[in-house]
Amino acid sequence: MTDLTNLTVAQIRDGHRAGDFSAVEVAEAFSANVAGAKALNAFIVETPEHALAAAKTADADRAAGTLKPLSGVPIGMKDLFCTDGVQTTAASHMLEGFVPRYESTVSQKLWDAGAGMLGKLNLDQFAMGSSNETSYFGNVISPWKRKDGGNASLAPGGSSGGSSTAIAARLCPAATGTDTGGSIRQPAAFTGISGIKPTYGRCSRWGIVAFASSLDQAGPMARDVRDCAIMLENMAGFDPKDATSLNMAVPNLEAALSSDLKGKTVGIPKEYRLEGIDPDIDAMWDAGIAMLKDAGAAVVEISLPHTKYALPAYYIIAPAEASSNLARYDGVRYGLRALPQGAGLQDMYAATRAEGFGAEVKRRIMIGTYVLSAGFYDAYYTQAQKVRTLIARDFERAFASCDVILAPTAPSAAFGLGEKMADPLSMYLNDVFAVPASLAGLPAMSVPAALNREGLPLGLQIIGKAFDEQGVLNAGLAIEERAGFTARAEKWW
Ligand code: GLN
């Protein structure tokens, strides 16, 4: 039999339905890959029993003729989603040992659709980072290696680096991610897979450990565009428990997939042409433009004049919201409590937070409390909010003359572990192409488009109008069909 772990979500679903294999066989094959890939450190907790139980149900449902959309499909769950009875840490020491008594809306929807859980995926601590190196449980290692680059370990991207690695290494066919400022798209680009951040509000945030509430959005990561569509359909939907949840029907994204872009116009933002950027990135971008033209689209240059302020605005707004969200970790209500001998209440708060948060999280809390403090609020926070409005307006104007926007996902291919950790600013710069769509709440996806000269994957980003996930997926599909990206990391783990 073919190796079941090479199958996509759609292939697993269809093959299971046709009786080509059992769901139990699929769950066991992926669980074996998970167990054999400890060197990648993609999972914080493995839950083969959960995947197996869902698989048994799927096999019984097939016999009974009651299959669900994701019956027989085992997936990975980013450890930022609360899972009932399964430790949820946000990759922090603060939440080590925290076992929620409730299930996040998104994960519940996936279980209701028949999916099973292979485990909880590693990430940057509280989803803060671009390399997965801020995890309390150790960095994830990308399955990719540079061609002729020795054996250097590469970053899988972040914060959803466990998700990207697990999919690229065939430890799961699909996974959840969250994207606050690029955390689905950038790790997808780094590992040669696809991922979509839907419109803000499409997926409920209920039960997801909060980072920056006005930006956080869940979305799927998978090997191809079709799988992203299938997963997103089963993750999205109105949730009365999330006040920012969109009360809109979820479209049938998979059924409406079409790579025919006749009559569509693609915008190319001139401000995304960065001085001194890796020529491989620009070459991939130009190739992507040609692919979309080939699919029938017209191409126009557009201007997003406030792009250069997006990164500074993001790194004010996201830490500001994070500092407020993370105030809840006080040693009383969740996870860790540090109680020094003879300590009073204040000492307990301070000791718990000193011990429970990593360096990057503390940096964000300090930046956030600073920009929200009485003397600096207007100079930083209010100003950043104004910039955010201008950025959203840039997109609105641009979308008067185009349907989707094409740009690179990240300014470089995967960098080496340790290369950027000493310099937070260079790490933050990696998000330069990702954060504008986040600030504007727009749907955006990354699809693998090329290998660079080091043999590493590069991703193209498609940004769409609010609520137009379909347009984004369709343009993604047009690229996928033409880029013919089939490269995968050679197994060394
Ligand atoms: N890299 C960005 C940050 O560190 C984005 C993270 C995310 O999207 N969760 O804030």
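Considering only region 431-445, I want to know if a residue exists there that is surrounded by fewer than 23 Cβ atoms within 10 Å (Cβ to Cβ), more than 16 Å from the ligand (Cβ to nearest atom) and aliphatic (A, V, I, L, M). The answer is no, given that none of the residues of region 431-445 is surrounded by fewer than 23 Cβ atoms within 10 Å (Cβ to Cβ), more than 16 Å from the ligand (Cβ to nearest atom) and aliphatic (A, V, I, L, M).
Within region 215-232, residues that are within 15 Å of L171 (Cα to Cα) have Cβ atoms under 7 Å from residues that are within 15 Å of the ligand (Cβ to nearest atom) in these pairs: M221/S160; M221/S163; M221/S164; M221/A175; M221/G177; M221/I184; M221/A188; M221/G195, counting only partners at least 6 apart in sequence or on another chain. You will find that of S412, S426, the residue that is within 16 Å of the ligand (Cβ to nearest atom), over 16 Å from A287 (Cβ atoms) and free of Cβ contacts under 8 Å to residues at least 60 places away in the same chain is S426 and no other. Here the condition is being within 16 Å of the ligand (Cβ to nearest atom) and closer than 22 Å to E480 by Cα; of F211, F190, it holds for F190 alone. The residue pairs whose first member lies in region 369-380 and is under 18 Å from A327 (Cα atoms), whose second member is part of a loop (DSSP other than H, G, I, E, B), and whose beta carbons are closer than 8 Å, counting only pairs six or more residues apart or on different chains, are Y370/F376. So, in region 39-56, of the ones that are on the phi < 0 side of the Ramachandran plot and not in a helix (DSSP H, G or I), which residue ends up surrounded by the most Cβ atoms within 10 Å (Cβ to Cβ)? Out of the qualifying residues, it is A42.
Filter region 1-38 down to the residues that are assigned to a loop (DSSP other than H, G, I, E, B) and closer than 23 Å to L232 by Cα, then identify the one that is farthest from the chain's Cα centre (by Cα).
Here is the first cut: in region 1-38, the ones assigned to a loop (DSSP other than H, G, I, E, B) are 1-3, 7-8, 19-22, 36-37.
Next, from what is left, pick out any that are closer than 23 Å to L232 by Cα: 7-8.
Values: L7: 21, T8: 18 Å.
For region 1-38, the residue satisfying everything is L7.
Take region 170-185 and flag every residue that is more than 9 Å from the ligand (Cβ to nearest atom), within 22 Å of T486 (Cβ to Cβ) and buried (at least 24 other Cβ atoms within 10 Å of the Cβ). Of everything in region 170-185, those that are more than 9 Å from the ligand (Cβ to nearest atom), within 22 Å of T486 (Cβ to Cβ) and buried (at least 24 other Cβ atoms within 10 Å of the Cβ) turn out to be L171, C172, P173, A174, A175.
Return the residues of region 294-330 that are away from the ligand (no atom under 16 Å from the Cβ), assigned to a helix (DSSP H, G or I) and of a type in the set (A, V, I, L, M, F, W, C); say none if nothing qualifies.
From region 294-330, those away from the ligand (no atom under 16 Å from the Cβ) are 294-309, 327-330; that's our starting set.
Applying the additional criterion that residues be assigned to a helix (DSSP H, G or I) yields 294, 307-309, 327-328.
Residue satisfying the conditions is A327 alone.
When F98 is tested against (1) touching a Leu at 6+ places or on another chain (Cβ under 9 Å); (2) buried (at least 24 other Cβ atoms within 10 Å of the Cβ); (3) farther than 15 Å from A175 by Cα, exactly one condition is not met: (2).
Take the residues of region 140-167 that are modelled with pLDDT of 95 or more and polar (S, T, N, Q): which is farthest from the ligand (Cβ to nearest atom)? Result: S153. Of all residues in region 7-36, those being out of contact with any helix residue (DSSP H, G or I) (no Cβ under 8 Å at 6 or more places or on another chain) and under 19 Å from M77 (Cα atoms) number 2.
Within region 122-139, not a single residue is more than 11 Å from the ligand (Cβ to nearest atom), buried (at least 24 other Cβ atoms within 10 Å of the Cβ) and closer than 24 Å to E481 by Cβ. Name every residue in region 164-220 that is closer than 19 Å to A310 by Cα and basic (K, R), in order of residue number. If the condition is that a residue be closer than 19 Å to A310 by Cα and basic (K, R), then R185, K197 are the ones that fit.
Residues are listed down the side, and each one gets a yes or a no for (1) among the polar types (S, T, N, Q); (2) away from the ligand (no atom under 16 Å from the Cβ); (3) under 17 Å from V435 (Cβ atoms); (4) in contact with a Phe, Trp or Tyr (Cβ under 9 Å, 6 or more places away or on another chain):
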site	(1), (2), (3), (4)
A343	no, yes, no, no
M348	no, yes, no, no
A359	no, no, no, no
K362	no, no, no, no
V371	no, no, yes, yes
G375	no, yes, no, no
Q383	yes, yes, yes, no
T389	yes, yes, yes, no
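Restricting to region 214-228, name every residue that is assigned to a loop (DSSP other than H, G, I, E, B) and away from the ligand (no atom under 12 Å from the Cβ). Residues satisfying the conditions are S214, R223, D224.
Within region 61-92, restricting attention to residues that are β-branched (V, I, T) and over 15 Å from Y334 (Cα atoms), which residue is surrounded by the most Cβ atoms within 10 Å (Cβ to Cβ)? Spell out how you get there, then give the answer.
Looking only at region 61-92, we keep the residues that are β-branched (V, I, T), and these are 66, 73, 75, 83, 86, 88-89.
Checking which are over 15 Å from Y334 (Cα atoms) leaves us with 66, 73, 75.
On the way: T66: 12, V73: 35, I75: 31.
Selected residue: V73.
No other residue among S438, S446 is in a helix (DSSP H, G or I), within 16 Å of the chain's Cα centre (by Cα) and under 20 Å from M128 (Cα atoms) apart from S438.
The values are calculated or read from the model by the stated rules, or taken from the named source; none is laboratory data. Fair warning: this is a prediction, and the values are worked out from it, not measured in the lab. Here Cβ is always computed from backbone atoms with ideal geometry, including for glycine, and neighbour counts include all displayed protein chains.
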